[in-house]
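Q: I'd like to ask you about the structure that follows.
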Amino acid sequence: MRSAVEARAAIEAAYRARTARSAAFHEEARRLIPGGVTRSVAFYEPYPFCVEHGRGCRLEDLDGNRYLDHLSNFGSIIHGHAHPAIVAAIGEQAARGTDFGAPNEPQLALAREIARRVPSVERLRFATSGTEANLYAIRAARAFTGKPKLLKMEGSYHGGYDAVSVSVDPGADAPDFPHGKVGTRGLPPEVLANTLVAPFNDLERTARIIREHRDELAAVIVEAVTVRGMIAADAAFLRGLRDVAREAGVLLILDEVVTFRLARGGAQERVGVRPDLTTFGKVIGGGLPVGAFGGRADVMDGFDVAQRAPLHHSGTFAGNAAVAAAGLATLSLLTGEEIARLNALGDRLRTGLRVALETAGVRAQVTGMGSLVGLHLTAHPVTDYRSSLAANREAMRWLHLALLNRGIFARAAGAFFLSTAMRDAEVEETTAAFGGALEDVRPMLEARAG
Ligand code: PMP
């Protein structure tokens, strides 16, 4: 029988043999770009493949290998790459100018389309990333409530800025709630004083934290599916949070940067929750950089420049017309029927992965909601960050590489973001490759189980 060491060596050798040009590219790139990637999450060992182009749900790398793209740029590419209608929309707007520093019709059209779909959005402004959208939503909540602190969930990622870079992946030695752990070096110490942390899906403890800190808490920010880990919130958790926050005078911010794809009206429609503020990103920009934040008129009107002391919101690229045109084209393709088909495809993928795991005799958790699918290599149920720590992350890393060798590009940590460019055939292709990749990593799983 192969040992775990042999299995790892075989997977890495196969990857290196297929991707010589990507290896050379990586060596070149890292002389100028730290780590060879300009976004830390894009790196995995031994080096990431370099994309030559994408079309539909397929990517091709510099060596001519083709991959079925289950990353979809972490969910932003919902209709596949280079969709003709989106390419045309960008081209048409680009030919008329992309950015003006002045109001323009595509901005209002996209804002209207989002507000039409999401009734809690009474007012909306654009930003250029989900990070920025969260930053401004949190600023608005602080200004509206006159309180300084933020409550976030352990294991949730809300972007790269300081206030939310707390307890994103704190590991097993995380401090007791509501204390957090900094997620990166380079943060000022007061970040920990202003950002409190609660356990996802645990309404009782989260409610207690909110009530205890109500006099200093401006907002609680939460996702309907924690995208790191693809762990779905119980509807009762989100609804309970809604009520507790309201009673405590704390605003509820729902981060729908990724989960907006789950229903015409986003996850809030699916779960039946009306947040005070919602943040958006990813699909509303059709593959171009975007963010948006919106919600209650009385909170958002703080940004109205006619007010005596309006909130500051800026951004050279906020409301870029080409982005808005791409977003509109994307949303017009994202009908209720397409969303239902995409979510059903996600259910099929979850079933297919479970069958493959069972056939291979590997115990794991397949998580997520609709077109967002997660995988955790553990026999124990995963309902929050701490339970996800039982998973064998090291084996997942190798499983990811083994999947690449078999032409499947998923998130290295074990996640799949489906696109409407996929059909049943692509799901079958994925589960067949997954079955093979499980055999590739089997010695690592057995080594751990034993
Ligand atoms: N919120 C969530 C839930 C996210 O997953 C992300 C990014 N993947 C962000 C916010 C940040 O968005 P961006 O990368 O556009 O800044």
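The values are calculated or read from the model by the stated rules, or taken from the named source; none is laboratory data. Computed from a predicted structure; not experimentally measured. A quick note on method: Cβ atoms are made from the backbone with ideal geometry, for glycine too, and the neighbour counts reach across all protein chains shown. When the accessible area is computed, the model is the full protein with side chains, heavy atoms only, and any ligands, DNA or RNA have been set aside. Shrake-Rupley method; radii C 1.70, N 1.55, O 1.52, S 1.80 Å.
Q: I'm told residue 378 meets every condition in (1) outside any loop (DSSP other than H, G, I, E, B); (2) surrounded by 15 or more Cβ atoms within 10 Å (Cβ to Cβ) except one. Can you identify the failing condition by its number?
A: (1)
Q: Only one of (1) over 23 Å from residue 258 (Cα atoms); (2) without any contact (Cβ under 8 Å) to a residue 40 or more places away in the chain; (3) open to solvent by 20 Å² or more (accessible area, probe 1.4 Å) is not met by residue 403, so which one is it?
A: (3)
Q: Another question, if that's okay. Report yes if some residue within segment 204-219 is in contact with a Ser or Thr (Cβ under 8 Å, 6 or more places away or on another chain), within 16 Å of the ligand (Cβ to nearest atom), within 16 Å of residue 149 (Cβ to Cβ) and not in a helix (DSSP H, G or I); otherwise report no.
A: So far as segment 204-219 goes, yes, one or more of its residues are in contact with a Ser or Thr (Cβ under 8 Å, 6 or more places away or on another chain), within 16 Å of the ligand (Cβ to nearest atom), within 16 Å of residue 149 (Cβ to Cβ) and not in a helix (DSSP H, G or I).
Q: Which residue pairs have Cβ atoms under 7 Å apart, sit 6 or more places apart or on different chains, and have a first residue in segment 253-267 that is under 17 Å from residue 116 (Cβ atoms) and a second that is surrounded by fewer than 24 Cβ atoms within 10 Å (Cβ to Cβ) and among the acidic types (Asp, Glu)?
A: Close Cβ pairs (under 7 Å, with a partner that is surrounded by fewer than 24 Cβ atoms within 10 Å (Cβ to Cβ) and among the acidic types (Asp, Glu)) amount to 263/269.
Q: Here is a further query. Kindly provide the set of residues from segment 381-407 that are outside any loop (DSSP other than H, G, I, E, B), in contact with a Phe, Trp or Tyr (Cβ under 8 Å, 6 or more places away or on another chain) and more than 24 Å from residue 11 (Cα to Cα), ordered by number. Give the derivation first.
A: In the first step, residues of segment 381-407 are kept if they are outside any loop (DSSP other than H, G, I, E, B); the result is 385-388, 393-405.
Restricting the remaining residues to those that are in contact with a Phe, Trp or Tyr (Cβ under 8 Å, 6 or more places away or on another chain) gives 385, 397, 400-401, 403-405.
Residue satisfying the conditions is 385 alone.
Q: Residue by residue through segment 150-196, note down the ones that are assigned to a strand (DSSP E or B) and of a type in the set (S, T, N, Q).
A: Narrowing segment 150-196 to residues assigned to a strand (DSSP E or B): 150-153, 166, 182, 195-196.
Listed by number, the list holds a single entry, 195.
Q: Moving on to the next point. Read through the list (1) farther than 30 Å from residue 446 by Cβ; (2) open to solvent by 20 Å² or more (accessible area, probe 1.4 Å), then give the number of the only condition that residue 363 fails.
A: Going through (1) farther than 30 Å from residue 446 by Cβ; (2) open to solvent by 20 Å² or more (accessible area, probe 1.4 Å) one by one, residue 363 breaks only (1).
Q: Still on this structure: Spot the failing condition for residue 397; the list is (1) buried (at least 20 other Cβ atoms within 10 Å of the Cβ); (2) within 20 Å of residue 438 (Cα to Cα), and only one is missed.
A: Result: residue 397 fails condition (1) only.
Q: Turning to a different aspect of this structure: Inside segment 94-123, can you point out the residues that are in contact with a helix residue (DSSP H, G or I) (Cβ under 6 Å, 6 or more places away or on another chain) and over 20 Å from residue 334 (Cα atoms)? Walk me through it before giving the result.
A: Step one: list which residues in segment 94-123 are in contact with a helix residue (DSSP H, G or I) (Cβ under 6 Å, 6 or more places away or on another chain), which gives 94, 98, 104, 106-107, 109-110, 113, 118, 121-123.
Within segment 94-123, 94, 98, 104, 122, 123 meet the criteria.
Q: In addition: Return a yes/no flag: does segment 53-65 have any residue that is outside the structural domain of residue 254 (by TED's automatic domain parsing) and aliphatic (A, V, I, L, M).
A: Yes, because at least one residue in segment 53-65 is outside the structural domain of residue 254 (by TED's automatic domain parsing) and aliphatic (A, V, I, L, M).
Q: Of the numbered conditions (1) open to solvent by less than 10 Å² (accessible area, probe 1.4 Å); (2) in a helix (DSSP H, G or I), residue 355 fails exactly one; give the number of that condition.
A: Condition not satisfied by residue 355: (1).
Q: Could you check segment 40-149 for helices (runs of 4 or more DSSP H) lying wholly inside it with 3 or more residues that are without any contact (Cβ under 8 Å) to a residue 60 or more places away in the chain and away from the ligand (no atom under 16 Å from the Cβ)? It would help to see each step written out before you state the result.
A: Working: elements: 72-75, 84-94, 105-117, 130-145.
Filter on segment 40-149 gives 84-94, 105-117.
Q: Within segment 408-421, how many residues turn out to be closer than 24 Å to residue 39 by Cβ and either open to solvent by 10 Å² or more (accessible area, probe 1.4 Å) or not in a strand (DSSP E or B) (or both)?
A: Just the residues of segment 408-421 that are closer than 24 Å to residue 39 by Cβ, to begin with: 408-419, 421.
From the residues that got through so far, the ones that are either open to solvent by 10 Å² or more (accessible area, probe 1.4 Å) or not in a strand (DSSP E or B) (or both) too are 409-414, 418-419, 421.
Qualifying residue count, segment 408-421: 9.
Q: Take segment 152-163 and flag every residue that is out of contact with any strand residue (DSSP E or B) (no Cβ under 6 Å at 6 or more places or on another chain) and within 10 Å of the ligand (Cβ to nearest atom). Talk me through it step by step, then tell me what you get.
A: Quick first cut of segment 152-163, residues out of contact with any strand residue (DSSP E or B) (no Cβ under 6 Å at 6 or more places or on another chain) only: 157, 159-162.
Correct list: 157, 159, 160, 161.
Q: Any residue in segment 301-326 that's more than 27 Å from residue 95 (Cβ to Cβ): show its pairings with residues that are in a loop (DSSP other than H, G, I, E, B) and hydrophobic (A, V, I, L, M, F, W, C) at Cβ separation under 9 Å, as long as the two are six or more apart or on different chains.
A: What qualifies is 302/309; 302/311; 303/311; 304/311.
Q: Moving on. Looking only at segment 88-118, count every residue that is open to solvent by 70 Å² or more (accessible area, probe 1.4 Å) and farther than 20 Å from residue 281 by Cβ and tell me the total. Working first, answer last.
A: Within segment 88-118, the subset open to solvent by 70 Å² or more (accessible area, probe 1.4 Å) is 92, 95-96, 100-101, 103, 105, 108, 112, 116.
Retained after the next criterion (residues that are farther than 20 Å from residue 281 by Cβ): 92, 95-96, 100-101, 103, 105.
Matching residues across segment 88-118 total 7.
Q: Follow-up question, since we're still on this one. Taking segment 153-192, which residues are of a type in the set (Gly, Ala, Ser) and loosely packed, with under 15 Cβ neighbours inside 10 Å? Walk me through it before giving the result.
A: Step one: of segment 153-192, the residues of a type in the set (Gly, Ala, Ser) are 155-156, 159-160, 163, 165, 167, 171-172, 174, 180, 183, 186.
171, 172, 186 - these are the residues of segment 153-192 that are of a type in the set (Gly, Ala, Ser) and loosely packed, with under 15 Cβ neighbours inside 10 Å.
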